[in-house]
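The values are calculated or read from the model by the stated rules, or taken from the named source; none is laboratory data. Worth saying up front: this structure is predicted, and the values here are computed from it rather than measured. All Cβ positions, glycine included, derive from the backbone under ideal geometry; neighbour counts span all protein chains shown.
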Amino acid sequence: MDASLPSPQQQQLDRAAASLLDPLGRQLAAAVEWWSLPGLPLQWPVAVLGQGRPLLLLHGFDSSFLEFRRLAPLLACDHQLVIPDLFGFGFCPRPTATAYGPEAVLGHLEAVLGVLESRWPGPVAVVGASMGGSVAVELARRCSDRIDRLLLLAPAGLTGRARPLPPPLAGLGARFLGLPGIRGGLCRSAFADPDRDVGPAELEIASLHLACPNWAGALAAFASSGGFAGCGAPLPPQPLQVLWGANDRILRPAQKRAALALLGERVRELEHCGHLPHIDRPAEVARTWRTLPERAPHG
């Protein structure tokens, strides 16, 4: 393909910025920039909006930057929000014959941090949702001097062990997740009150990135890697707060108990909230973020 022409993902997001049913989704899609990253070919989607100190937002498994559509307007008044799609997810390019797994995700984010350092010198704060919570913890340990505090939203993968799936089974799983009925059911299960809150706009955003080239192949390869698991210990040294929905139906009770044992008093449970605090309770997430202390110098 001619490098001067927009990629299928770029065209898709251009259409989304004009036609998504959710107006907040349209606004966030319109904020996407396509970055060249050191050490990586192609261009990578990063939503950038707001003014102030940089804040990195990391989405969950098989999702995209669009899951922050309700939180972003509440934080953009005093933060420069930087919302990348994780490597292999969202609207990222997905070349074939490429490794998809935790190392690739973290390497991509280290490249994003490199660009951030050149544009906005100084420490970066991070909000990570679901699998993005484990990604945030791993990134904070790797880049301790660059990250000053963390807010985790229903973090997944902090405990347990990686369970790589055999490639044939991983491929079947990816195709299963692409079925419209399954996709709709997963979307509904993420909300505290799906009968009230899940309609065509939410279902559209939950499925939009499935049309990206090699979506199923990259997702299957990530599942074959084992993904993020057991990432919590030892916890990083930065100030860390966790919000968990009382109505979370995605993370099983055993997973939640193990995470609570690891995190202790850092966890606060939100009523009337499912697996997506930034969707169900965005104002409370924003308030919590603003009360989180910054890391002490040399902390």
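Listing for the model above:
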read-out	value
All positions within region 18-35 that are under 16 Å from Pro84 (Cα atoms), small (Gly, Ala, Ser) and assigned to a helix (DSSP H, G or I)	Gly25, Ala29, Ala30
All positions within region 58-89 that are among the hydroxyl-bearing types (Ser, Thr, Tyr) and in contact with a Gly (Cβ under 6 Å, 6 or more places away or on another chain)	Ser64
Selection from region 36-68 of residues that are touching a His at 6+ places or on another chain (Cβ under 7 Å) and in a helix (DSSP H, G or I)	Phe65, Glu67, Phe68
Selected residue [surrounded by fewer than 21 Cβ atoms within 10 Å (Cβ to Cβ), part of a helix (DSSP H, G or I) and either free of Cβ contacts under 8 Å to residues at least 24 places away in the same chain or of a type in the set (Ser, Thr, Tyr) (or both)] from Ala104, Ala97	Ala104
Filtered residue count, region 7-54, keeping only those that are surrounded by 16 or more Cβ atoms within 10 Å (Cβ to Cβ), under 24 Å from Ala104 (Cβ atoms) and small (Gly, Ala, Ser)	2
Which numbered condition Cys77 misses (of (1) farther than 18 Å from Ala201 by Cα; (2) not in a loop (DSSP other than H, G, I, E, B))	(2)
Out of Ala201, Ala192, Ala125, sole residue that is more than 30 Å from Arg295 (Cα to Cα) and not in a loop (DSSP other than H, G, I, E, B)	Ala201
Check on Ser130, at pLDDT 95 or above and on the phi > 0 side of the Ramachandran plot	yes
Region 164-175, residues that are part of a helix (DSSP H, G or I) and surrounded by fewer than 16 Cβ atoms within 10 Å (Cβ to Cβ)	Pro167, Pro168, Leu169, Leu172, Arg175
Matching entry among Leu106, Leu152, Leu113 (being modelled with pLDDT of 95 or more, out of contact with any Phe, Trp or Tyr (no Cβ under 8 Å at 6 or more places or on another chain), under 18 Å from Glu294 (Cα atoms) and of a type in the set (A, V, I, L, M))	Leu152
Check on Leu150, crowded, with 24+ Cβ neighbours inside 10 Å and under 25 Å from Arg287 (Cα atoms)	yes
Single residue of region 248-287 satisfying the filter (touching a Lys or Arg at 6+ places or on another chain (Cβ under 7 Å) and part of a helix (DSSP H, G or I)) that is surrounded by the fewest Cβ atoms within 10 Å (Cβ to Cβ)	Pro282
Residue count for region 176-189, restricted to those that are within 21 Å of the chain's Cα centre (by Cα) and outside any loop (DSSP other than H, G, I, E, B)	9
Residues that are surrounded by 15 or more Cβ atoms within 10 Å (Cβ to Cβ) and free of Cβ contacts under 8 Å to residues at least 60 places away in the same chain, drawn from region 195-205	Val198, Leu203
